[in-house]
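**Q** Sharing a structure with you now.
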Amino acid sequence: MSQLQWDVRVARSPEPEAQAIVRATHALDAGDRARADQGYRDLQRQGMAHPASWSNLAALGIALGDAGGARANAQRALQLDRDSVDAWVNLGVASWQLGQRRDAAMAMHRALALDPGLEAAALNYARMLQLVDRPGEARKTLELAVLANPDAWRLRQALAQQARLDGDAAAARQQALEALARLGPHLQPQVDAAPRPGAENEAAAAAASANVQRALFAAGDALDAAGVPFHLIGGTLLAIHRDGRPFPHDKDVDLALPYDSDRDAVAAAFAGEFRPVLRAEDPRSHAAREWVMGFTHQQSGIGVDLMFAREQDGMMRFELGWPDYLACEMPAYPLQPLHWGGRDWLAPAPPRQYLDAIYGPDWNATETSRGFDRRWFDTQVSNPSRTPESLPRAVTLVLLRLLQALQAGQWEKARALCIQVQAREPLPEVGAMLARFERVQAT
């Protein structure tokens, strides 16, 4: 059920007929949707008698996109057992997918009343509250669930993320470290089986780079048309200067604009091919756009980060706005033309000096010069120009990224993040995780 956005509940049913639900679920997980669909339809006609069977069938219906059938199956389970927390959770997910938000929230609330520390119910209910712009209630839901179930690392991870969004950096740090400490014993890190992409994947890499290039050209065209000056920075400059094309794995484009740029003119310029990351009516967008405005190129799906650079007293300052407010400062630089892709761009002069300030003097070294794959270099924590006051928040942000990588089984990325965190702020929880990776590599 890993493909679901929402958490569903599946429990063991004592009746033999329920084994068909397990087989259908395994078929779906293996990519055999036709077999799963057929099994699901057959099961709908079964005369099952145990509530867990009907609740599990509701979970399968959710996975297959049959929200209406899933809701009916969950209701059948609740007719047999009104206190089935699994059925309440699955009923809530199905109701939300049907657009019945009030019923969905009531179902999750009922599940939490029966089991205050139930991970799936708390995570789902918090997501629902976040989606209807009630972050305070979402955080309270997670806090109560953590009190009832303190060893649930996913609850602490979600609470850490909510605290980060609330601007509570201390709570975000505490809960992220608690989550890491509780997740560790359940992990079995491995050496990544997949090799680094090589020549055999050159066609795919070229296509991915071209996708990023489309977003970059569209952003450049929009800014040029609006008469707003800009220049290449960050990973966009690094890739073009070093490799001659955008990185295939890039998910965004980095551009710098003068600090005194007209933000409304920028927003208007990007109103056509792009959508804003933060909605205009979101109060956070007004605060954030002092330093950064984020957009998504709708055709390619690639993000565009527009950073407003302020030059003062011989220093250039960049900041990320809500929710982390990370800043970096470096010596001010002039601009020089860089011809690439059939057109002229502006870039810091000389590029090497800027790249040294952002990535360290080894930015052009081997792929594993720091003991990890440079694809996983994280500029938020490893940027040499990160200001001291924002470094702790950068570490906390990367702790959350580390948890996501561990959850996804991205072992090399997780190990790289551990190394980078320890280089900036040694933390016992991260050190213990890194030691586990080192033992795996040694065997």
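The values are calculated or read from the model by the stated rules, or taken from the named source; none is laboratory data. Quick caveat: nothing in here was measured; it's all calculated off a predicted structure. Here the Cβ positions follow ideal geometry from the backbone for every residue, glycine too, while neighbour counts run over all protein chains shown. Please note that ligands, DNA and RNA were not included when accessible areas were found on the heavy atoms of the full protein model with its side chains. Shrake-Rupley method; radii C 1.70, N 1.55, O 1.52, S 1.80 Å.
**Q** Restricted to Cα positions, what overall size does segment 16-144 have along the principal axes? Three whole-Å values, descending.
**A** In descending order, the Cα extents are 43, 29, 22 Å.
**Q** For the residue pair GLN19 and ARG352, what label-to-label distance in nm results when each label sits 7 Å from Cα along the Cα-to-beta-carbon direction?
**A** Reported label-point gap for GLN19 and ARG352 is 7.0 nm.
**Q** What is the calculated FRET efficiency for HIS339 to ALA205, with r their C-beta to C-beta distance and R₀ = 35 Å, to the nearest 0.05?
**A** 0.95
**Q** Please tell me the relative contact order of segment 199-334 in percent, rounded to the nearest whole number, where contacts are Cα pairs under 8 Å and at least six residues apart. Can you show the working numbers first?
**A** Numbers: 220 pairs, mean separation 30.3, N = 136.
Answer for segment 199-334 is 22 percent.
**Q** Which distance in nm do the two modelled labels at GLN404 and ALA34 give, with both placed 7 Å along the Cα-to-Cβ direction?
**A** Using points 7 Å along Cα→Cβ, the separation is 3.7 nm.
**Q** Run the numbers on the chain and let me know its relative contact order in percent, using alpha-carbon pairs under 8 Å that are six or more apart.
**A** Working: 685 pairs, mean separation 43.1, N = 443.
The normalised contact order for the chain reaches 10 percent.
**Q** Above 19 angstrom, tally the Cα pairs of segment 284-410 and express them as a % of all pairs, no decimals.
**A** 62
**Q** Hey, what's the chain come to in accessible area per residue, 1.4 Å probe, Å²?
**A** Solvent-accessible surface per residue comes out at 46 Å².
**Q** Just order 96-107, 72-83 by mean Cβ neighbour count inside 10 Å, highest at the front, would you?
**A** Those peptides, ordered most packed to least, come out 72-83, 96-107.
**Q** Could you tell me the distance between the Cα centroids of segment 34-72 and segment 100-162, to the nearest Å?
**A** Here the two parts' Cα centres lie 25 Å apart.
**Q** So how much accessible area does MET48 have, in Å² to the nearest 10, using a 1.4 Å probe?
**A** The accessible area comes out at roughly 10 Å².
**Q** How compact and how long is the chain, expressed as Rg and Dmax of its alpha-carbon atoms in Å?
**A** In order Rg, Dmax, the Cα atoms of the chain give 24.7, 78 Å.
**Q** Another question about this same structure. Carbon and sulfur together cover what percent of the accessible area of the chain at a 1.4 Å probe radius?
**A** Accessible surface attributable to carbon and sulfur in the chain totals 51 percent.
**Q** Tell me, in nm to one decimal, what length is gained between ASP103 and GLU389 on full extension, where the rule is 0.36 nm per residue of separation less the Cα-Cα distance?
**A** Stretched fully, the ASP103-GLU389 segment lengthens by 98.5 nm.
**Q** Mind checking which of ALA121, ALA34, ALA332 has the largest fluctuation in a GNM of the chain, springs on alpha carbons under 10 Å?
**A** Most flexible of the set in this elastic network: ALA34.
**Q** Indicate, rounded to the nearest 5 percent, the antiparallel portion of the DSSP beta bridges found entirely in the chain. Let's see the in-between values first.
**A** Details: 25 of 32 bridges.
So the antiparallel bridges in the chain amount to around 80 percent.
**Q** Another question, if that's okay. Sorting ARG23, ARG263, ARG9 by accessible area (1.4 Å probe), largest first, what list results?
**A** Greatest to least solvent exposure: ARG23, ARG9, ARG263.
**Q** Could you tell me whether segment 258-354 comes out rounded, prolate or oblate from its Cα gyration tensor? Rule is a ≥ b ≥ c as square roots of the eigenvalues, rounded for a/c under 1.5, then prolate if a/b exceeds b/c, otherwise oblate.
**A** oblate
**Q** Please name whichever of ALA423, GLY220, LEU406 sits farthest to the positive end of the charge dipole of the chain, dipole taken about the Cα centre and charges placed at Cβ: Lys and Arg +1, Asp and Glu -1.
**A** Positive-end residue among those listed: LEU406.
**Q** Of the listed peptides 243-251, 347-355, what is their order by residue-averaged count of other C-beta atoms within 10 Å, with the highest listed first?
**A** Taking the mean over residues of other Cβ atoms within 10 Å, the ranking is 347-355, 243-251.
**Q** Further question: Have a look at ALA11, LEU28, GLY47 and report the one farthest towards the positive end of the charge dipole of segment 1-97, computed about the Cα centre with Cβ charges (Lys/Arg +1, Asp/Glu -1).
**A** GLY47
**Q** Shifting gears a bit: Please calculate the 1.4 Å probe accessible area of GLU178, with all protein chains present, and give it to the nearest 10 Å².
**A** 60
**Q** Which order do ASP224, ASP313, ASP115 take when ranked by solvent-accessible area (1.4 Å probe, heavy atoms of all protein chains), largest first?
**A** ASP313, ASP224, ASP115
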